[in-house]
Amino acid sequence: MGAQKKGATARVSEDPEELARHPLQAILLADSFTTKFRPITLERPKVLLPLVNIPMINYTLAWLESAGVEEVFVFCCAHSKQVIDYLESSEWSSQPNFSVTTIESHNSISAGDALRLIYERNVIHGDFVLISGDTVSNMSLTQALQEHKDRRKKDANAIMTMVVKQSKPSPITQQSRLGTDELFMAINPVTKQLLYYEDKAEYSKGFISLDKTLIADNPSVILHNDKQDCYIDICSQEVLSLFTDNFDYQHLRRHFVKGLLVDDIMGYKIFTHEIHSSYAARIDNFRSYDTISKDIIQRWTYPFVPDVLCGSSAIKVERQGTYRASDVTLSRSAQLGSFSFIGQGTKIGNDTKISHSVIGERCTIGSNVTIEGSYIWNNVTIEDGCQLRNAIVCDGVILKSGAVLQPGVILSFKVCIPWSTLDLFLSVK
């Protein structure tokens, strides 16, 4: 609500009435329509997977509420009952001035299908925020919303504003921040209009092809391969109708955005809003899951960090960026390294070493265990002498004594590893 009120004072007389009729709305896609998180997502929806011990969707909803959004429509498809049950039993079902409504579908297979169904429901009544439930951000929407609305007043074809951010190498992983496909964007530096978008350039062997009319029609164009798409979009209502008019639009970027950029008939335009000091990123794959988890622990996402979201009484922040729940049982000889998180009810045995890792709730970790750069979810049992490096271990897993998880291993729910050595590799792309 704050973003709307700030913008209202600069508008013509009828705008305050329009704002009063149409609170700021958001569409949250609770299904990524991909298989990148399998086998985990065969049993649990991606938005309910723990991100530093908090379901992903909580970060997205907390940001939307803080950004002034008043109505959120959560589109549920895969494992929709789990998402609906979680939201109905969570704090989001009773927040003042912030309503969360679920829209369920069992037949949608893409984001395009989701937006077509939402259009049919006729629940969106003005400009809206489009976001997926695996996005973490602390940016303010005020300026981006104002830019979008100002452009709309001058040009009705300016129907979408995409949030982008400078991509920086990570000092921890020594790779691009999120490990996603290389992204090329051509942007008019004066108007900020998006002119070209390509997120899969491998097939062209390092070359991209720009239409000569793009250069001819724009006296100034900058081609970027250093921008990160935050997957936060401010859209006008026409976006929903365009999906309804064109059933070829399935993927938001590969089909819709690229389709509009090459459509000379309709003349619709997409613009960008670049953030600098704020944080915004989407968990698109296991590498970005690791990177964003580290960013949360290092508090780049403040105030959306574990001790704030869980309550300072439940989680304490200690030296070296370590988070520990109040009822953790930690042996005197155990070593808890920097930038780690230990959840409620977890017990850690003698001479165990944990660093740069997240340990969930009610886990039992034996003696002489080494855990580095790993994500251990809830109710996991790790017996004496186990070694885990750069692994993900889901709820209910049991690792018998002496088990060794090589880097990149992902164990889905309730797996039991009885062997002393596990030579299981999962390629994370």
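The values are calculated or read from the model by the stated rules, or taken from the named source; none is laboratory data. Everything numeric in this text was worked out from a predicted model, so none of it was measured. Glycine gets a Cβ as well: all are built from the backbone with ideal geometry, and neighbour counts include every protein chain shown. Calculation scope for accessible area: heavy atoms of the full protein, side chains included, ligands and nucleic acids excluded. Shrake-Rupley method; radii C 1.70, N 1.55, O 1.52, S 1.80 Å.
For the reader, a short list of remarks on this structure follows.
- Selection of first residues in the stretch 332-346 that are of a type in the set (Phe, Trp, Tyr) and of second residues that are crowded, with 18+ Cβ neighbours inside 10 Å, restricted to Cβ pairs under 6 Å at least 6 apart or on distinct chains, gives the following pairs, ordered by first then second residue: PHE339/ILE297; PHE339/HIS356; PHE341/VAL52; PHE341/TYR323; PHE341/VAL358.
Here is a yes/no grid of residues against (1) in the same structural domain as GLU182 (by the TED database); (2) modelled with pLDDT of 90 or more; (3) not aromatic (Phe, Trp, Tyr):
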{"site": "TYR279", "(1), (2), (3)": "yes, yes, no"}
{"site": "GLY337", "(1), (2), (3)": "no, no, yes"}
{"site": "GLY349", "(1), (2), (3)": "no, yes, yes"}
{"site": "HIS356", "(1), (2), (3)": "no, yes, yes"}
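- Of all the listed residues (SER80, SER90), the sole one being out of contact with any helix residue (DSSP H, G or I) (no Cβ under 9 Å at 6 or more places or on another chain) and assigned by the TED database to the domain that holds LEU240 is SER80.
- Of all residues in the stretch 361-380, those satisfying the criterion of being more than 25 Å from the chain's Cα centre (by Cα), assigned to a strand (DSSP E or B) and buried (at least 17 other Cβ atoms within 10 Å of the Cβ) are ILE365, THR370, ILE371.
Yes or no, residue by residue, for (1) in contact with a Ser or Thr (Cβ under 8 Å, 6 or more places away or on another chain); (2) within 22 Å of ILE40 (Cα to Cα):
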residue	(1), (2)
GLY345	no, no
SER357	yes, yes
SER367	yes, no
GLU372	yes, yes
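- For the stretch 31-45, residues that are closer than 25 Å to ASP233 by Cα and out of contact with any His (no Cβ under 9 Å at 6 or more places or on another chain) total 5.
- Of the residues making up the stretch 25-43, those that are hydrophobic (A, V, I, L, M, F, W, C) and at pLDDT below 90 number 5.
- Wholly within the stretch 208-289, strands (runs of 3 or more DSSP E) carrying at least 1 residues that are open to solvent by 50 Å² or more (accessible area, probe 1.4 Å): 222-224, 227-235, 269-275
- Of all the numbered requirements in (1) of a type outside the set (D, E, K, R); (2) in a strand (DSSP E or B); (3) at pLDDT below 70, VAL164 misses one, and that requirement is (3).
- Of all residues in the stretch 296-315, those that are surrounded by fewer than 19 Cβ atoms within 10 Å (Cβ to Cβ) and closer than 20 Å to VAL164 by Cα total 2.
- Scanning the stretch 391-406 for residues that are of a type outside the set (Ser, Thr, Tyr), open to solvent by 20 Å² or more (accessible area, probe 1.4 Å) and touching a residue at least 24 places away in the same chain (Cβ under 8 Å) yields a single hit, ASP395.
- Condition met for SER326 (open to solvent by less than 70 Å² (accessible area, probe 1.4 Å), out of contact with any His (no Cβ under 7 Å at 6 or more places or on another chain) and more than 30 Å from ALA67 (Cβ to Cβ)): no
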